[in-house]
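Derivation of every value follows stated rules applied to the coordinates shown; laboratory data play no part. Please read these numbers as outputs of a predicted model, since none were measured by experiment. Heads up, the Cβs are rebuilt from the backbone with ideal geometry, glycines too, and the neighbour counts pull from every protein chain shown.
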Amino acid sequence: MTDRLRFAPLPAALPATVPFTGPETLELRRGAPFAARLGANENGFGPSPRAIAAMRSADAEIWKYGDPDNRELRLALAAHHGVAPENIMIGEGIDGLLGLLVRLTVAEGDVVVTSEGAIRPSTITSRALAGFCPRSPIATMPKTPMR
């Protein structure tokens, strides 16, 4: 019997790195808080007072598991944006959504080209699934402004 845990091929192929270093860790390393936490995609103004009020009004219901289909949220977002609810995808953040996209579209043997500044979890997942994930240095990327 082996003394090591045997992983499935996908997690076994992942590099032994942390895909995202949180701002708390970075602040601890530098010995001071950041003036703005832009890398964490946080709103520098904090939550809206209306959002805080909505959370407080829902506090009696937080003991329940949430709807895994996010039906009410998807319907509200679809109505707000004028699209069909089936065109709305709810996820656990950009890492989860990009990871899901990679899993749905990348097959073994595919080549996935990424940039040096790409979001790491999608690059790690692409490398694990495709096996070959070359990086394009940022210096060689077009300097044309996005429109």
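Structural remarks
- Among the GluC sites (Glu not before Pro) within region 21-59, those in coil by DSSP and having at most 16 neighbouring Cβ atoms inside 10 Å are Glu42.
- Classified by the C-alpha gyration tensor, region 29-105 has an oblate form. Its axis ratio a/c, with a ≥ b ≥ c, is 1.5 or above, and a/b does not exceed b/c.
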